[in-house]
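Here is the structure we will look at, set down as structure tokens.
The values are calculated or read from the model by the stated rules, or taken from the named source; none is laboratory data. Please read all numbers here as calculations on a predicted model, not as lab measurements. Glycine also receives a Cβ, built like all others from the backbone with ideal geometry; neighbour counts cover every protein chain displayed.
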Amino acid sequence: MSHAGPQPVHDWTPELIQQTVDAHKDMPGAMLPILHAIQDRFGYIPEAAVPIIAESLRHTRAEVHGIISFYHHFRTRPSGSHVVHVCRAEACQAVGARQLEAHVKDRLGVDYHQTSRDNEFTLEPVYCLGNCACGPSIRVDDDIHGRMNADKFDRLVDSLTTTAVEVK
Amino acid sequence: MTVTVYVPCDTTALAMGANAVADALQQAANAKGVDIKLVRNGSRGLFWLEPLVEVETPGGRVAYGPVEPTDVDSLVGAGLFEGKADHPLAQGLTDEIPYLKKQQRLTFSRIGLTDPLSIDDYRAHRGFAGLEKALNMDGQAIVDAVKDSGLRGRGGAAFPTGIKWQTVHDEPEGQKYIVCNADEGDSGTFADRLVMECDPYMLIEGMTIAGLAVGANQGYIYLRSEYPVAQRIFNDALQRAYDAGYLGRDIRGSGKDFDLEVRLGAGAYICGEETSLLDSLEGKRGMVRAKPPLPAIKGLFGLPTVVNNVLSLAAVPYILDQGAQAYADYGMGRSRGTLPMQLAGNVKRGGLVELAFGITLRELMEDFGGGTLSGRPLKAVQVGGPLGAYLPESQWDAPIDYEAFAEFGGVVGHGGVVMFDDTVDMGEQARFAMEFCSVESCGKCTPCRIGAVRGVEVIDRIRAGENAEANLTLLTDLCETMVDGSLCAMGGMTPFPVQSVMKHFPNDLTRQKA
């Protein structure tokens, strides 16, 4: 099975941000589509995007900042190579999500909203992935994994961090 | 001869390894020299069997599940491609599986049968038949059909859909909107997701009919960002519907127009509340609005707007095709039609169960669900998402019906049923209800914004044995304040699970943590 790779991350420049904003700014209710487009393209929403969005949509910077910080999905710092979301909601709790959560934090050595030291994984909580009959569930990038447990998680992490070493 | 083999493509099947199974099947077929046609169908909703592989035979489709990639060789060896049933994973004819056979699938009649993206498949199973009729009716006649069907909002509030449509219909002509609430945030629910992943044209059809009914030519689907598979499949379907002339200008030569667009949420539970959703669609923080004005009169961008849940809109094509009475013939009391229920959590046979209103919770959990996954005794069940009460065994014999549940303080909501075995610490669950509210509150009203934070603190004190009695009184007061004083259901219902734990599982709350 092919895993969706790490988020496509391109280095931002003010011009590229402006271009992304311009591509969406004429939609009705353009703010969320713009924020998604920026995060999809650059991996996060850089601080420098705030004044550009504000200017383009005729908002205040405070308003733009308030919107970005309201939504859990938007991040203002780069993530690790992979983003791991652990479902914390009730249906997963009923089949061991709390134990899984503790294991994941331990294995990656981070708490929620943090990125591992090797910059491989950013850990986030999520409240439901809609896989509630086959929990506990996690999402790694755009792939959902069901019936997750400590062993399966360790194998998954290994497979995602194993890189071919070139022998010279 | 070509053998047709089905491997589902919905989130749960994929989460259980369906892509690897599909690859293994193709390889096995190549190795054996068998010509197969691999169809990535929708899920049948029998999730404990996913990935559920089906093989077309003259007698019907034969099912195998749950299939792991490592099972494929032995299944093929046992005659999977000939539909033979001599294997531990063989489930016989899919249609004869009791879990499926006993259901009354009106809305979900097609899931798993078709390739979700095939318009031909959709049409071959009565797809667009409702729309064809609606294109030849005036708006009022469509509204009347929905009213007569007795359909009530399946998002949870159970407001009569036809009356909402009438209000928008009666507003003066001009720009109006259809907004579909696909922000399915309740834990234990996945029916909206199944519609969008397994039968996307049904939602497109339902929304188009809604547009024709009320005079709206633009629709938005507000989809949560936690559903990447639904987003991919649905957007693909949307493009195909445009290409086939089922959306856009002059739909199928009728002279009528309807445009549809998916907008992605950004991980805020509160945006499932309709006014918060509208603010979010407008590009703002998802803050709850005071009502009135109703969204039907001043909704998206201040214009008349129908806001309906996915399941409400998905029920409409059947109603138009088969007639309002055919739908109303199912159900009990004022709860007409069928309810797609979702069995989740600690359940042996989890999945989608669509039935007429009236089945009891116990029948659902035992006859369909088969008890807990762990095999341990069932202790509590949460119906209706994170804002629903935890129900103890004494309440499992009530029929599932909006009014019957309301009588004892239960919530049917979006039909999610989350089961817990006897290892659950209900004190922990009560704490989580408050914690969830503190994470997800929009912050507009005080009881919700501050109450949830105080709620976590008070429960922590009770669980630590600090002044337990006085703190229990405080918690009781806090719950009442939140219920009575909050602007929307988030703060107003967060106390429901807490109060139910205080009432039915008091020892779990006061028992000190080891």
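Listed by position, the helices (runs of 4 or more DSSP H) inside region A:89-168 whose residues that are touching a Phe, Trp or Tyr at 6+ places or on another chain (Cβ under 9 Å) and in contact (Cβ under 8 Å) with a residue 40 or more places away in the chain number at least 2 are A:97-108, A:150-161. In region B:33-41, the condition of being among the acidic types (Asp, Glu) and either within 17 Å of B:Asp115 (Cβ to Cβ) or assigned by TED's automatic domain parsing to the domain that holds B:Cys198 (or both) is met by no residue. Restricting the first member to region B:27-56 and to residues that are without any contact (Cβ under 8 Å) to a residue 60 or more places away in the chain and within 9 Å of B:Val7 (Cα to Cα), and the second to residues that are basic (Lys, Arg) and surrounded by fewer than 24 Cβ atoms within 10 Å (Cβ to Cβ), the beta-carbon pairs closer than 6 Å and six or more apart or on different chains are B:Glu54/B:Arg61.
Scanning region B:261-315 for residues that are under 27 Å from B:Leu212 (Cβ atoms), more than 17 Å from the chain's Cα centre (by Cα) and of a type in the set (Gly, Ala, Ser) yields B:Ser280, B:Ala296, B:Gly299, B:Gly302. Of all the numbered requirements in (1) within 29 Å of B:Ser441 (Cβ to Cβ); (2) of a type in the set (Gly, Ala, Ser); (3) away from chain B (no Cβ under 13 Å), A:Ser69 misses one, and that requirement is (3). Put simply, of B:Pro88, B:Pro69 the only residue that is out of contact with any Ser or Thr (no Cβ under 7 Å at 6 or more places or on another chain) and without any contact (Cβ under 8 Å) to a residue 24 or more places away in the chain is B:Pro88.
When B:Ser500 is tested against the conditions (1) over 30 Å from the mean Cα position of the chain (by Cα); (2) assigned to a helix (DSSP H, G or I); (3) more than 28 Å from B:Gly286 (Cα to Cα), the lone failure is (1).
Listed by position, the helices (runs of 4 or more DSSP H) contained in region A:1-80 that have at least 1 residues being modelled with pLDDT of 95 or more and touching a Cys at 6+ places or on another chain (Cβ under 9 Å) are A:61-70.
Restricting region A:36-79 to residues that are of a type in the set (Val, Ile, Thr) and surrounded by fewer than 16 Cβ atoms within 10 Å (Cβ to Cβ), the residue that is nearest to A:Pro125 (Cα to Cα) is A:Thr76.
Every test in (1) free of Cβ contacts under 8 Å to residues at least 40 places away in the same chain; (2) away from chain A (no Cβ under 13 Å) is passed by B:Cys448 save one, and that test is (1).
Within the set B:Gly211, B:Gly245, B:Gly206, the sole residue that is assigned by TED's automatic domain parsing to the domain that holds B:Leu300, within 16 Å of the chain's Cα centre (by Cα) and either modelled with pLDDT of 95 or more or closer than 30 Å to B:Pro497 by Cα (or both) turns out to be B:Gly206. Is there a residue being surrounded by fewer than 18 Cβ atoms within 10 Å (Cβ to Cβ), modelled with pLDDT under 95 and not aromatic (Phe, Trp, Tyr) anywhere in region B:36-56? No: zero hits. Of the residues making up region B:113-139, those that are assigned to a helix (DSSP H, G or I) and free of Cβ contacts under 8 Å to residues at least 24 places away in the same chain are B:Asp120, B:Asp121, B:Arg123, B:Ala124. Give the residue that is nearest to the chain's Cα centre (by Cα), with candidates limited to residues of region A:116-148 that are away from chain B (no Cβ under 13 Å) and not hydrophobic (A, V, I, L, M, F, W, C). Once the filter is applied, the top-ranked residue is A:Thr122. The C-beta contact set for region B:285-303 (first residue more than 14 Å from every other protein chain (Cβ to nearest Cβ) and closer than 22 Å to B:Thr161 by Cβ, second residue in a loop (DSSP other than H, G, I, E, B) and modelled with pLDDT of 95 or more, distance under 7 angstrom, 6+ apart or interchain) comprises B:Ala296/B:Pro304; B:Ile297/B:Glu171; B:Ile297/B:Pro304.
Residue check: B:Ala213 meets all listed conditions (1) assigned to a helix (DSSP H, G or I); (2) hydrophobic (A, V, I, L, M, F, W, C); (3) in contact with a Leu (Cβ under 7 Å, 6 or more places away or on another chain) but one, namely (3). Note on region B:225-237: among residues that are more than 13 Å from B:Met202 (Cβ to Cβ) and part of a helix (DSSP H, G or I), the one that is nearest to the other protein chains (Cβ to nearest Cβ) is B:Pro228.
Restricting the first member to region B:168-187 and to residues that are within 14 Å of another protein chain (Cβ to nearest Cβ), and the second to residues that are among the basic types (Lys, Arg), the beta-carbon pairs closer than 7 Å and six or more apart or on different chains are B:Ala182/B:Arg224; B:Asp183/B:Arg224; B:Glu184/B:Arg193; B:Glu184/B:Arg224; B:Gly185/B:Arg224.
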